[in-house]
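Student: Sharing a structure below in structure tokens format, with a few things to ask.
The values are calculated or read from the model by the stated rules, or taken from the named source; none is laboratory data. Nothing here was measured: the structure is a model prediction, and the numbers come from that model. Note: ideal-geometry Cβ built from the backbone for every residue, glycine included; neighbour counts use all protein chains shown.
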Amino acid sequence: MQFENFVGNAALKSALSGAFLRRRLPHAIILEGESGLGKRTLARIVARAAVCRAQNRDAAPCGVCPSCIRSAAGSHPDIRTVSGSGASGAVSAKSVEEVLSDAYRRPEEADVSVYLFFIDNGISDNAQNKLLKLIEEPPPGVIFIFTVPSADILLPTIRSRAQIFTVRAPEEAEAAVFVEQKTGMEYEAALALAALHRGNIGKMLSDGENGRAAKAAFAATEIALSAAERTEHELLAAAAPLLKDRGMFLETADRLQMLFRDACMLKSGVRTVPLGTLETAQRLSRRLSVKTLMTLCDLTARYAGYVQRNANMTLLVTAFCAELRKNAGR
Ligand SMILES: [Zn+2]
């Protein structure tokens, strides 16, 4: 099976590929994992592979056969999608009833019918009980794929009849390469974004739309480390992106304050610092005292205030760097 646009998750891929090659895909598959990890992408890949007409199953979904072209366009008659609806966004009993009346017909083009249930905001017990009937006695040649934040939101009776796969974020470096290739973002910025979102590509991409969050996170790390352990010249270079506009300064200032605060927390023995910023926070906490870190945090907030009052950016960034260094005891 080919997993275009779905990176990482080697064990999961090899399990699905293996089952697919042996024509033994489970009739009920649960893909669980937080939002942004590509559960829907993966569900669609499996569905497209299942209806692909390529002789070589290793190549499926081949992307070029008539089935693949239709499924890529979202118009394959044997792939149906069920999503939540209404104010709650939950999957309703009515949607499941429609599947019930549909699932026993023969597939129109392929050998199988695939039903994708995209469950982001829950599914009522009533709907699940109806679904259970289908899964207990599945019509031949039907595959159900559920995407859920956690399999725990499904009834144990459904879970026990399905195969559960947990989708995880890829390595941060792998996520960064993917985002770099998809967006043209520089690798360093993509890597900073990957650290911020712990390799969650969906979050990286929606965050990276204007690129600012990524650049701000990267700039904040560089500024903090430069202030603590590098030369004045390096600090000024790290702060150069802040000259561009006020928004960039403010966003970077936010991240900087978080870094200084995280480093304080580490010094106080709190171990809840996010992984993405842990290494930087650790380095800061080894270099600087709690008092210094708090001073730097206040200093950063004060300069963010100056920026909002329309100061000259060049003067401001230069003064900010000088004060950071001085207060870091350099
Ligand atoms: Zn194909």
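Student: Determine which member of the set LEU296, LEU242, LEU236, LEU315 is part of a helix (DSSP H, G or I), on the phi < 0 side of the Ramachandran plot and touching a Leu at 6+ places or on another chain (Cβ under 8 Å).
Tutor: Just one listed residue meets the conditions, LEU296.
Student: Tell me yes or no: at least one residue of the stretch 143-156 is in a loop (DSSP other than H, G, I, E, B), modelled with pLDDT of 90 or more and within 16 Å of the ligand (Cβ to nearest atom).
Tutor: Scanning the stretch 143-156 turns up no residue that is in a loop (DSSP other than H, G, I, E, B), modelled with pLDDT of 90 or more and within 16 Å of the ligand (Cβ to nearest atom).
Student: I'm checking my understanding of the structure. Among residues of the stretch 6-32 that are surrounded by fewer than 17 Cβ atoms within 10 Å (Cβ to Cβ) and part of a helix (DSSP H, G or I), which one is nearest to the ligand (Cβ to nearest atom)?
Tutor: Among residues in the stretch 6-32 that are surrounded by fewer than 17 Cβ atoms within 10 Å (Cβ to Cβ) and part of a helix (DSSP H, G or I), the one nearest to the ligand (Cβ to nearest atom) is LEU21.
Student: Hey, another quick one. Looking at the stretch 84-99, can you tell me whether even one residue there is under 16 Å from ILE143 (Cα atoms) and part of a loop (DSSP other than H, G, I, E, B)?
Tutor: Among the residues of the stretch 84-99, not one is under 16 Å from ILE143 (Cα atoms) and part of a loop (DSSP other than H, G, I, E, B), which makes the answer no.
Student: Does ILE153 satisfy being touching a strand residue (DSSP E or B) at 6+ places or on another chain (Cβ under 6 Å) and at negative phi?
Tutor: In short, no.
Student: Take the residues of the stretch 44-66 that are within 21 Å of PRO140 (Cβ to Cβ) and surrounded by fewer than 22 Cβ atoms within 10 Å (Cβ to Cβ): which is nearest to the ligand (Cβ to nearest atom)?
Tutor: Ranking the candidates gives ARG53 first.
Student: What pairs come up if the first residue lies in the stretch 53-69 and is touching a residue at least 40 places away in the same chain (Cβ under 8 Å) and within 16 Å of VAL114 (Cβ to Cβ), the second is more than 6 Å from the ligand (Cβ to nearest atom) and polar (S, T, N, Q), and their beta carbons are under 8 Å apart, counting only those six or more places apart or on different chains?
Tutor: Within 8 Å, the pairs are ALA60/GLN2; PRO61/GLN2; PRO61/SER71.
Student: Right, PHE260: within 25 Å of HIS197 (Cβ to Cβ) and touching a residue at least 12 places away in the same chain (Cβ under 8 Å) or not?
Tutor: yes
Student: Only residues that are surrounded by 12 or more Cβ atoms within 10 Å (Cβ to Cβ) and either over 26 Å from the mean Cα position of the chain (by Cα) or more than 10 Å from the ligand (Cβ to nearest atom) (or both): list them for the stretch 69-82, please.
Tutor: The answer is ILE69, ARG70, HIS76, PRO77, ASP78, ILE79, ARG80, THR81, VAL82.
Student: Can I ask one more? Spot the failing condition for PHE144; the list is (1) in contact with a Phe, Trp or Tyr (Cβ under 7 Å, 6 or more places away or on another chain); (2) surrounded by fewer than 18 Cβ atoms within 10 Å (Cβ to Cβ), and only one is missed.
Tutor: Every condition holds for PHE144 apart from (2).
Student: Oh, and also: Which of the following residues is surrounded by fewer than 19 Cβ atoms within 10 Å (Cβ to Cβ), more than 12 Å from the ligand (Cβ to nearest atom) and in contact (Cβ under 8 Å) with a residue 40 or more places away in the chain: SER85, SER101, SER35, SER124?
Tutor: Checking each option against the conditions leaves just SER35.
Here's the yes/no breakdown for (1) surrounded by 22 or more Cβ atoms within 10 Å (Cβ to Cβ); (2) hydrophobic (A, V, I, L, M, F, W, C); (3) within 27 Å of the chain's Cα centre (by Cα):
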position: GLY202; (1), (2), (3): no, no, yes
position: ALA216; (1), (2), (3): yes, yes, yes
position: ALA220; (1), (2), (3): yes, yes, yes
position: ALA227; (1), (2), (3): yes, yes, no
position: THR231; (1), (2), (3): no, no, no
position: PRO241; (1), (2), (3): no, no, yes
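Student: Just to be sure before I move on: is THR157 touching a helix residue (DSSP H, G or I) at 6+ places or on another chain (Cβ under 6 Å) and surrounded by fewer than 17 Cβ atoms within 10 Å (Cβ to Cβ) in the structure I sent?
Tutor: Yes.
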